[in-house]
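Asks: Take a look at this one; I'll ask things after.
The values are calculated or read from the model by the stated rules, or taken from the named source; none is laboratory data. Note that the structure is predicted; figures quoted are calculated from it, not measured. Because the Cβ atoms are built from the backbone with ideal geometry, glycine has one as well, and the counts that use them run over all protein chains shown. To get the accessible areas, we keep the full protein, side chains included, count just its heavy atoms, and leave off ligands, DNA and RNA. Shrake-Rupley method; radii C 1.70, N 1.55, O 1.52, S 1.80 Å.
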Amino acid sequence: MGEMVNITINGVEMQASKNSLLIDKLLDENIHIPHFCYHQALGKDGNCRMCMVEIEGQKRPQIACDTPIKDGMIVRTKGKNIEKVRRDILELELINHPIDCPTCDQAGECKLQDYYMESGFYESRINTDSKNHARKRIDLGSNVMLDQERCVLCTRCVRFCANITKTHELGVINRADHSVIGTFPGRPLSNPYAMNVIDICPVGALTNKDFRFKQRVWFLESFDAICNGCSKACNIYVDHRKEKYKDDQIFRFRPRVNKAINGWFMCDEGRLSYKNESENRFETPLLNKIETSIDNTIANVFKELSTNSNILFVLSANLSYEEMLNVKNLASKLNAEVSGYSPDTFDKNFADDFLKTEDKTANRNSFKELEIDETKEHFEASLNSSSLIVIVENSYFNDNLKLLENKKVISLFSHNCSTINYSNIAIPVASFYEKSGTYINKDGIKQKVISKIDKNNPKETITTIIEHLKSMIEKGTL
């Protein structure tokens, strides 16, 4: 942080970093300032002119996105004069806009809609027949749909592809009031982070083809979580809705700003992984491949744990810290071994130099903190000497079922897999986003997730099952 200076905004004295942008200070202080083209991850562009403010001593209004902070600066974002200036600029933005909010998928999350409602432009002074028309429903690629008529030419999407991904698929085509956003010939929007242009678009010009017309956003509820697609553990919003007589359903993931981890963005693979939550779910407990009740299943698990002396627990690196700790404590009571061996979760082809890492799990660092061995040597030695294997969400055996021959197998999974079919006892458990817990990303940053998913028939969490088993073992009875 540079030299701190004193400034006054709307009559309130405060400190700010000298020569930093005024708009950043306004945004950080949650002071309302309309803007389209500026984005903290993309920097200034100065083309929309919406962030006009009055600065004492200046002859005319200035744009906050290109105004460096100076000592003693007196700024006003409110007032009849400056609000009229911004209102006039907004009217120019609306000249060719279709004003189709009732049918726009961005309705409820659109800055133009918000500013439009604030301004009171309920009747246009422009003849609708004289508006310029452009192409609608253009599939740009990578699940991004473009409506050129709604675009305000903020160029955020162009700058994202130029400065962040450096793939340069988007550009401004034509001139003057016929200018539109588009792709270059033979170059569809195609990069691992392309869908971020949907989030940074301040209007309804770029929409999510995957989410398009699935839900109105005001019906959705959100909670803060992390992406479990890799060890970066990007911060996300989980947007979900529980409709009448239905289970709570996740409809999309969106990146949540965390400057220490993922900044403002996330990869497309992580964004679309919300589908995995509801697909191919493991629903009913199995005892020797026959459906049974959860109580009967846990009773039989207790019997197996009580009668076997050589036990190995094999854990997933996507379990929460609390789940790993509970399993470790249970294993300690049973004098059992615990392994975190999971080489199948590494993919060098997935990694890049931006957000994606080769470790496709969210919590491997908890193995280190809890001193859970994940080496091949420990795993193989423990496996060879064990008569009972308890597999907790670890996918390694799916392609290595021969390793389980002549072993008793208990498995706990949220989704169907081949290991379940090979298990003597299989218990369905809550999925990653249906449970709360703590996760430690690759940089050692701890993050707490509190799930708000509401299920009609909730699955048992791993923690609940383990706690139940510990209690039974301590009492030595069912």
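Asks: Given the conditions (1) aliphatic (A, V, I, L, M); (2) more than 22 Å from the chain's Cα centre (by Cα); (3) surrounded by 16 or more Cβ atoms within 10 Å (Cβ to Cβ), report the number of the one that ILE164 does not fulfil.
Replies: It is condition (2) that ILE164 fails.
Asks: Taking the stated definitions as given, is LYS333 within 24 Å of SER278 (Cα to Cα) and either basic (Lys, Arg) or not in a strand (DSSP E or B) (or both)?
Replies: It is false that LYS333 is within 24 Å of SER278 (Cα to Cα) and either basic (Lys, Arg) or not in a strand (DSSP E or B) (or both).
Asks: Quickly run through the range 272-321 and pick out the residues that are under 30 Å from ALA194 (Cα atoms), part of a helix (DSSP H, G or I) and not hydroxyl-bearing (Ser, Thr, Tyr).
Replies: The answer is LEU272, LYS275, ASN276, GLU277.
Asks: Oh, and also: Output the number of residues of the range 261-298 satisfying the condition of being over 29 Å from GLU380 (Cα atoms) and aliphatic (A, V, I, L, M).
Replies: 5
Asks: From the set of residues in the range 456-478 that are touching a helix residue (DSSP H, G or I) at 6+ places or on another chain (Cβ under 7 Å) and among the basic types (Lys, Arg), which is surrounded by the most Cβ atoms within 10 Å (Cβ to Cβ)?
Replies: Only one residue tops the list, namely LYS459.
Yes or no, residue by residue, for (1) assigned to a loop (DSSP other than H, G, I, E, B); (2) in contact (Cβ under 8 Å) with a residue 24 or more places away in the chain; (3) touching a Cys at 6+ places or on another chain (Cβ under 6 Å); (4) farther than 30 Å from THR207 by Cβ:
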position	(1), (2), (3), (4)
GLY2	yes, no, no, yes
VAL5	no, yes, no, yes
PRO34	yes, yes, no, no
ILE95	yes, yes, no, no
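Yes/no per residue for (1) of a type outside the set (Val, Ile, Thr); (2) under 36 Å from the mean Cα position of the chain (by Cα):
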{"residue": "PRO34", "(1), (2)": "yes, yes"}
{"residue": "GLN40", "(1), (2)": "yes, yes"}
{"residue": "GLY46", "(1), (2)": "yes, yes"}
{"residue": "THR67", "(1), (2)": "no, yes"}
{"residue": "LYS80", "(1), (2)": "yes, no"}
{"residue": "THR103", "(1), (2)": "no, yes"}
{"residue": "GLN113", "(1), (2)": "yes, yes"}
{"residue": "SER119", "(1), (2)": "yes, yes"}
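Asks: For residues that are out of contact with any Asp or Glu (no Cβ under 8 Å at 6 or more places or on another chain) and among the charged types (D, E, K, R), scanning just the range 210-242, find the one that is nearest to ILE261 (Cα to Cα).
Replies: Here the residue is LYS232.
Asks: Residue by residue through the range 359-397, note down the ones that are open to solvent by 20 Å² or more (accessible area, probe 1.4 Å), in contact (Cβ under 8 Å) with a residue 24 or more places away in the chain and not basic (Lys, Arg).
Replies: If the condition is that a residue be open to solvent by 20 Å² or more (accessible area, probe 1.4 Å), in contact (Cβ under 8 Å) with a residue 24 or more places away in the chain and not basic (Lys, Arg), then ASN365, GLU369, ASP373, GLU374, THR375, HIS378, SER385, SER387, GLU393, SER395, TYR396 are the ones that fit.
Asks: Checking the condition more than 25 Å from the chain's Cα centre (by Cα) and of a type outside the set (A, V, I, L, M), which residue from SER339, SER414 passes?
Replies: SER339
Asks: Could you identify the single residue in ASP45, ASP28 that is buried (at least 17 other Cβ atoms within 10 Å of the Cβ), of a type outside the set (A, V, I, L, M, F, W, C) and either modelled with pLDDT under 95 or out of contact with any helix residue (DSSP H, G or I) (no Cβ under 9 Å at 6 or more places or on another chain) (or both)?
Replies: ASP45
Asks: Are there any pairs, at least 6 apart or on different chains, whose C-beta atoms fall under 6 Å, with the first in the range 109-121 and farther than 15 Å from PHE36 by Cα and the second open to solvent by less than 30 Å² (accessible area, probe 1.4 Å), and if so, which?
Replies: The qualifying pairs are SER119/LEU90.
Asks: Also: If the Cβ limit is 7 Å and pairs must be 6+ apart or interchain, which residue in the range 203-218 that is touching a residue at least 60 places away in the same chain (Cβ under 8 Å) pairs with which residue that is small (Gly, Ala, Ser)?
Replies: Every condition considered, the pairs that remain are ARG216/GLY108; VAL217/GLY108; TRP218/GLY108.
Asks: A further question on this structure: Can you spot a residue in the range 142-158 that is more than 20 Å from HIS39 (Cα to Cα), free of Cβ contacts under 8 Å to residues at least 12 places away in the same chain, open to solvent by 20 Å² or more (accessible area, probe 1.4 Å) and more than 22 Å from the chain's Cα centre (by Cα)?
Replies: no
Asks: Further question: Just name the residue that is nearest to GLU3 (Cα to Cα) out of those in the range 46-88 that are among the hydrophobic types (A, V, I, L, M, F, W, C) and assigned to a loop (DSSP other than H, G, I, E, B).
Replies: Ranking the candidates gives ILE69 first.
Asks: Restricting the search to the range 101-114, which residues are open to solvent by less than 30 Å² (accessible area, probe 1.4 Å) and either modelled with pLDDT under 90 or not in a helix (DSSP H, G or I) (or both)?
Replies: Correct list: CYS104, ASP105, GLN106, ALA107, CYS110.
Asks: Looking only at the range 75-100, filter to residues that are farther than 17 Å from GLN148 by Cβ and β-branched (Val, Ile, Thr); which one of those is surrounded by the most Cβ atoms within 10 Å (Cβ to Cβ)?
Replies: Taking the candidates together, the pick is VAL75.
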